[in-house]
Structures are given as C-alpha cells and as structure tokens.
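Laboratory data are not the source of any read-out in this text; all were calculated from the coordinates shown. Only a predicted model underlies this, so the values are computations on that prediction, with no experimental measurement involved. We place every Cβ from the backbone using ideal geometry, glycine too, and count neighbours over all the protein chains shown.
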Amino acid sequence: MSSKSIVSITDYSKDQILSILDSAATFEANPNQTLLNGKVAATLFFEPSTRTRLSFETAVNRLGGRVIGFSDASTSSSVKGETLNDTIKMVSNYADIIIMRHHLEGAARYASEVTSVPIINAGDGSNQHPSQTILDLYSIRKTQGRLDNIKIAMVGDLKYGRTVHSLLIALNHFSPQFYFIAPDELRMPEEYKIICDEKGIPYEEQTEFDTDIINEVDILYMTRVQKERFTDQMEYEKVKNVYTLRNKMLEQSKDNLRILHPLPRVNEIDMDVDANPKAYYFEQARNGLYARQAMICNALGLI
Amino acid sequence: MENNEKELQVKALKNGTVIDHIPSDILFKVVSLLQLDSVKNQITIGNNLTSKRMGKKGIIKISDRYYEEEEISRIALIAPDAKINIIRNFEVIEKKVLSLPDSFTGIVKCPNPKCITNNEPMKTKFEVIKKNPVVLRCPYCEREIQQEDIQLL
Ligand SMILES: [Zn+2]
C-alpha cells in the first residue's frame, strides 16, 4: 500500500471507509503496538484544539511514534507571515506524516498538493474533520452491530454543524433513514437534502424535538446549539432548552438506542442522561483514538 | 428589416470573431473576461439590441482576432448560451458551440472569504458540476458556486 493524504470524507468510497473501520477495531483490541517505531508525526495546529490534538498525539504515541509540532499558531512562524506552502515544505523535511488543523477551509487539501508527505486533516475551518466522521461511524457500527439501514435523528445545529454534514455524506453509503430536528434558523441546508434526494435516501424534517422520534430511532446524534449562530438573541433564548435531551425523554426508547455527541457539550444533554446506559458520548470520544490510529496507519500505507 | 440588420451586424466585420446572444446585463463581464480593454484590435460592442429570443441582447465583434478553444470557452462560465461566429472575408466560416471543460484553473475567484485560495498566494481551481446553468465546485473549501455568483479574477 502506498501513502496518501486523508483530507475529506467525500474522497472515500464505501469500501475504503469499511477498511478503515476494520483496522480501527484491531487497534481497539490491541491499542499498543510498534507500527510507528522510528517514525515522526508532526501535529500542526494553526488553530488550537486540545481535545483533537491530544487524541492524535496519543494515537501516535501508543503506536511507538514520536511527535513534533505546535499547538497554537501564535507560537509558529505563520504569525510572522510565512505562507502555508512554506511551513508545510519546511516541516516535510522532518516528518513522515503531517496532522494539521487550520482555520481556513481547504488548507489541508492545499497542503496535500505541495508536499509528498501524507497529510491528515484534523479540521479545516467549518469544512471537513474526517477523523470525527470515522469515529462516529465506528461508534454506530460498534453499538448497532451494523451500519446498514440505521435510523438516525440529528438534533440541534444542522446548518453550521460540519460533523452532521460529513456524517450524512458518509452514512449515505449505507441506506440510512434520517430525521432532521432543528430550529428554523439552523435547518439542514438544501444541498444536503438534495444529496439525499438524488440517492433516494428518506428523511423527515421537523422543529419539535419530541419522544415520537426518539422512540423510533437507533441513534440520536446531538449537537451544540451555539448562541453566536443566532442573529436574534431572543430566538436563542427560546430554543436553547427545547433541544435539550433529558433522561425522562428516553423512557420509551428502543433498547439499542445510543446517544452520540461530538463533545464538548454545553446544555443540549442534561447531566441526568449520563448514567443512562444509552448515553454513549464518552465512549464515542475514546473510539476516536482507535479511529485515528487506523487513519494514521492507512495514510502511511502501513495497513 | 430585422434580417437586414442582422446581416449588417455580421457583415460589417471582414475578418475576426463575433460573440452574439450575450445577455445584456453581463455584456461588460464578457468584455473583461476576454480582457478586451487591453486589446489593440478594432472592437465593436452593441448592447440592448432587440432580440426575438432574448428580448435584449449584446454583441461583440473583434476584428482580426481568433481565439483558442480554451480561451473562448471561458465565456460559457457566465453566458453559456452565447454564440460564437468566426468570420473570414465577410463570411461566417464556423459557428462554435461553447462548452466548458470538466475542470479549470484560475479565471474565477472562490466567493468564500475563508477559503484558503483567498488567503494564500496560489491559483484557484474549479470542477464544473453543471454546464447550463453553470455550477462550479471549489475543491479546496468544497463549496458550490452558482452561475450568478461567479466572480472573475
Ligand atoms: Zn473555495
């Protein structure tokens, strides 16, 4: 296998997704390996994200690799006006793989064009964050025993939430049934509904977050409803508690229902849900480690 | 009467290229797309002319100038229904149908201010998703751009 960059979930076929998920399962069974012995990974976080960086760095360390990099652009040369092209070419002299997060959309795609070192996109603005999608898929498959024919409700900010957009694209390989639940201001954009229409994927859309839908689905994918997304603050105050999941709403839900959330949460999942065995968001985050181990090894052509 | 006028419009050019059936509101966009402001050839521009099919239309005639396929096909980005006539010795010797390539570099600006292409010294690049009306996709920020939102560089 040859090395290749992982920039966007849209670049991946169904088979490629399944093969990454299969290798993530082998890392879950045995997370400490020596596959990256003698290898150096650079984590370039032009935009800080402690959570994502720690997960990637743990993935490298548990496979025996070493890490160089920076966690904040203010400590890097880009504040001195260095172009992304120059930073990437410089780091390419030192590292076997580059894991990068950048506030500009398309930064990882461009980086992958100016170097032969494989790039893993750890988030480019509001565009793509493929490791989140892989860990979401992994969590769904692990908890449901399959990816095909999943009924999934996406709740909260469906307009700006890149995780739900990427998950929608990836799940469309597996004949899902979607329920989009969002306030009017944060509805699922037309372009994603058109993608579903073209593939004949059924979806329902509504503003009320009620138990009818919760009782129907296999996966409840919650997202943050952020204050700054609202032009009208009154509107935010009105909706912020409407899209909060509480334990009593889960009483009649299916046994196999699991609740996912990309974290960090604010108040969209009440703390009283945490003790419910259907709450899966903390395990979901741990799955990110195995997903990232699989993606790093895949990018390096090691698996 | 209209026929005579039409003939006159075309015949007035001895040798060169005629771009006809340009929607009036984007005529000057076509002028800048072809960078006609820096061309030394004789150029005749007509706008808001009556057209049976379009209501109003624009026309550009450029003397002694023939375009490469790639150069002229750019017009399809903003005016996919424009017609190109190649004139030699007052005769239309070729009618070109505009057709966009599947992808191209430069020419257009990505409208997303947060796109890397607007923040790094680099060339833009686009995939042509649909040809008429035009829909482009920036492979960097992955946004789709509709024909009416296309901005030229
Ligand atoms: Zn762009």
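Table for the structure above
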item: Proximal lysines relative to B:Lys40, as straight alpha-carbon distance under 20 Å, when same-chain residues fewer than 8 apart are discounted; result: B:Lys14, B:Lys29, B:Lys61
item: Helix A:190-199 vs. chain A, principal-axis angle (Cα, 0 to 90°, nearest 10); result: 90
item: Cα gyration tensor shape for region A:221-291, rounded if a/c is under 1.5, else prolate or oblate; result: oblate
item: Neighbour-count ranking [beta-carbon atoms within 10 angstrom, fewest first] of B:Ser103, A:Ser49; result: B:Ser103, A:Ser49
item: Relative counts (whole %) of C-alpha pair distances in region A:81-127, using bins that are 10 Å wide; result: 30, 59, 11
item: DSSP-defined antiparallel bridges as percent of all bridges, the protein assembly as shown, nearest 5; result: 50
item: Among A:Leu186, A:Ser5, A:Tyr110 the positive-end extreme of the charge dipole of chain A (Cβ point charges); result: A:Ser5
item: For region A:1-72 versus region A:260-295, the gap between their alpha-carbon centres in whole angstrom; result: 19
item: Lys/Arg +1, Asp/Glu -1 at C-beta; the protein assembly as shown dipole; positive extreme among A:Gln144, A:Gly288, A:Ser253; result: A:Gly288
item: Dipole magnitude (debye, nearest 20) for the protein assembly as shown, charges at Cβ of Lys, Arg, Asp, Glu; result: 1020
item: Per-residue average of Cβ from other chains inside 10 Å of B:110-118; result: 5
item: Förster radius 45 Å - calculated FRET efficiency between A:Arg286 and B:Lys109 (Cβ-Cβ, nearest 0.05); result: 0.55
item: All lysines inside 19 Å of A:Lys39 as judged from Cα atoms, apart from same-chain residues fewer than 8 positions distant; result: A:Lys4, A:Lys89
item: Taking B:Lys57, B:Lys52 and counting other C-beta atoms within 10 Å, the order from fewest to most; result: B:Lys52, B:Lys57
item: For region A:2-94: rounded, prolate or oblate by the Cα gyration tensor [a/c cutoff 1.5]; result: prolate
item: Simple spin-label estimate for A:Glu205 and A:Thr50 in nanometres, 7 Å along Cα-Cβ; result: 3.8
item: For chain B, size of Cβ-based charge dipole, Lys and Arg +1, Asp and Glu -1, in debye; result: 200
item: Neighbour net charge for A:Asp272 - beta-carbon separation under 15 angstrom, K R +1, D E -1; result: 0
item: Rounded if a/c under 1.5, otherwise prolate or oblate - region A:42-104, Cα gyration tensor axes; result: oblate
item: Ascending count of other beta-carbon atoms within 10 Å, so fewest first, for A:Glu28, A:Glu205; result: A:Glu205, A:Glu28
item: Residues of region A:160-193 with amide N under 18 Å of the 7 Å Cα→Cβ point at A:Lys238; result: A:181-188
item: Listed peptides A:82-92, A:265-275, A:35-45, A:154-164 by packing density, highest first (mean Cβ within 10 Å); result: A:154-164, A:35-45, A:82-92, A:265-275
item: Inter-probe distance in nm under a simple model that places probes 7 Å from Cα toward Cβ, at A:Gln33 and A:Thr83; result: 3.8
item: Which of A:Asn32, A:Leu44, A:Ile68, positive extreme of dipole for region A:27-92 (C-beta unit charges); result: A:Asn32
item: Kirkwood-type radius of the protein assembly as shown, with distances r between different C-alpha atoms, in Å; result: 25.1
item: Residue-averaged 222 nm ellipticity for chain A, from DSSP H runs of 4+ at -39500 (n - 2.57), nearest 500; result: -11000 deg cm²/dmol
item: CD proxy at 222 nm, helix term only [per DSSP H run n ≥ 4: -39500 (n - 2.57); per residue of chain B; nearest 500]; result: -3500 deg cm²/dmol
item: Region B:20-84, dipole about Cα centre (Lys/Arg Cβ +1, Asp/Glu Cβ -1), debye to the nearest 20; result: 380
item: Partner chain coverage, peptide B:139-145 - average Cβ within 10 angstrom; result: 6
item: Angstrom value of the Kirkwood radius, inverse mean 1/r, which spans all Cα pairs in chain B; result: 16.5
item: Rg/Rg_ref, region A:163-227, where Rg_ref = 2.2 N^0.38 Å and atoms are Cα; result: 1.10
